[in-house]
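Take a look at the structure below.
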Amino acid sequence: MNPILLAADDEVDFMIHGIFSYDFFGQKVWITTTHVSTLIVLITLMIFMFVAGRAMKKGKEVPEGFQNVVELIVEKLDGMVESTMGSKGRNFRNYIGTIFIFIIFSNISGLLGLRPPTADYGTTLPLGLITFTLIFITKIRYQKVTGFLRGLCDPWPFWAPINIIGDVAVPISLSLRLFANILSGTVMMALIYGLLSRIAYVWPAALHVYFDLFSGAIQTYVFCMLTMTYIADAMGDS
Amino acid sequence: MEFNTNFILGCSAIGAGLAVIAGIGPGVGQGIAAGHAAAAVGRNPGAKGDITGTMLLGQAVAETTGLYGLLIAMILIFVKPLAK
């Protein structure tokens, strides 16, 4: 390592670690801590899904117990989508709800000692690219190809390159925002636990509340909000 | 001209410090947004929930430029692209 960075460089650890590698058609592919964290998050979500499905299957007219919780989550997410996108956005409730639950579980997983999957650009870039694809498909579907081309040449035809750059910047800024926020939280916690390990008792909990819970929830909300705004914008006035 | 690796790493650290100065802009912007939100709540206390949501969304978007600076700093320090 390099000696000038941090005195306790080997104790500060927030990097992604490779666990084992294998050959994939001549390419060396690493299974990293991000994969493991993502798998744990997915298994947690699947267990939640099965329990929620069972609770809803024998659901009653007047909900009680766990059914209350599930209905509250679904109602809140649906309400958020409908209040932002209007009645046209009803088809996107599933997508927005899914990414909301996945991102918030990923961000909160830092509380459990995992390295959050969203602190890896390999997780957030696909999320941004899915949104980008959805925006593109929605634009073609609602405004047709003529409307898409007209939007591209908005003030004047020679403005098209700038519009294209603006479109391409959407997934990059979306994914970098989420990534950098969660990564900064991870780095801060790693610095505190690595450099102040002698006095790091109890009080880092307050920082966990800020960096993992508050920041994670806000960034999840922002990601879903911006996705909805862009898709609603792509639907146009029609 | 060849430079010593330690010299390059030192200059990278200075560059990382300069890159984090980008945090000034979002700080000022978020402060202005929070101030206006406080004024809006004072004028119309009924709309506190909506105002808070809008303020947080705007602040999170405004934060992005500062985070770009942070990313540049982290890449300079931890990935060390110039020292390779």
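The values are calculated or read from the model by the stated rules, or taken from the named source; none is laboratory data. Note that the coordinates shown come from a computational prediction; the quantities given were computed from them, not determined experimentally. So basically every Cβ, Gly included, is an ideal-geometry build from the backbone, and we count neighbours across all protein chains shown. What goes into the accessible areas is simple: the full protein's heavy atoms, side chains included, and nothing from ligands, DNA or RNA. Shrake-Rupley method; radii C 1.70, N 1.55, O 1.52, S 1.80 Å.
Would a scan of segment A:49-70 turn up a residue that is closer than 20 Å to A:THR220 by Cα, surrounded by 15 or more Cβ atoms within 10 Å (Cβ to Cβ) and more than 19 Å from the chain's Cα centre (by Cα)?
yes
Which one is nearest to the chain's Cα centre (by Cα), of the residues in segment B:28-51 that are under 27 Å from A:VAL170 (Cα atoms) and loosely packed, with under 13 Cβ neighbours inside 10 Å?
Here the residue is B:VAL28.
Name the residue, out of A:THR123, A:THR146, that is of a type in the set (S, T, N, Q) and out of contact with any helix residue (DSSP H, G or I) (no Cβ under 8 Å at 6 or more places or on another chain).
Only one candidate passes the filter, namely A:THR146.
Look through segment B:17-27, keep the residues that are within 12 Å of chain A (Cβ to nearest Cβ) and among the aliphatic types (A, V, I, L, M), and return whichever of them is surrounded by the fewest Cβ atoms within 10 Å (Cβ to Cβ).
B:VAL20
Please identify the pairs in which a residue from segment A:181-193 that is within 12 Å of another protein chain (Cβ to nearest Cβ) and free of Cβ contacts under 8 Å to residues at least 60 places away in the same chain has its Cβ atom under 9 Å from the Cβ atom of a residue that is crowded, with 18+ Cβ neighbours inside 10 Å and not hydrophobic (A, V, I, L, M, F, W, C), counting only partners at least 6 apart or on another chain.
Cβ pairs passing all conditions: A:ASN181/A:ASN107; A:ASN181/A:THR118; A:ASN181/A:SER215; A:ASN181/A:GLY216; A:ASN181/A:GLN219; A:ASN181/B:GLU63; A:SER184/A:SER215.
Could you tell me which residue of segment A:71-120 is modelled with the highest pLDDT, considering only residues that are surrounded by fewer than 12 Cβ atoms within 10 Å (Cβ to Cβ) and of a type in the set (Ser, Thr, Tyr)?
Residue satisfying both the conditions and the ranking: A:SER83.
Which condition from (1) within 11 Å of another protein chain (Cβ to nearest Cβ); (2) buried (at least 18 other Cβ atoms within 10 Å of the Cβ) is the one that A:LYS139 breaks?
(1)
Please pick out the residue among A:GLU71, A:GLU82, A:GLU61 that is without any contact (Cβ under 8 Å) to a residue 24 or more places away in the chain, acidic (Asp, Glu) and under 29 Å from A:PRO126 (Cβ atoms).
Within the list A:GLU71, A:GLU82, A:GLU61, the selection yields A:GLU82.
When B:ILE14 is evaluated against the numbered criteria (1) more than 19 Å from A:ILE218 (Cα to Cα); (2) within 12 Å of another protein chain (Cβ to nearest Cβ); (3) surrounded by 13 or more Cβ atoms within 10 Å (Cβ to Cβ); (4) not basic (Lys, Arg), which criterion, by number, is the only one it fails?
Single failed check for B:ILE14: (3).
When residues of segment A:184-238 are filtered for being of a type in the set (A, V, I, L, M), under 23 Å from B:ILE77 (Cβ atoms) and open to solvent by 30 Å² or more (accessible area, probe 1.4 Å), how many remain?
Of the residues in that region, 5 qualify.
Is it true that some residue in segment B:54-72 is farther than 16 Å from A:ARG177 by Cα and either open to solvent by 30 Å² or more (accessible area, probe 1.4 Å) or more than 10 Å from chain A (Cβ to nearest Cβ) (or both)?
Yes, because at least one residue in segment B:54-72 is farther than 16 Å from A:ARG177 by Cα and either open to solvent by 30 Å² or more (accessible area, probe 1.4 Å) or more than 10 Å from chain A (Cβ to nearest Cβ) (or both).
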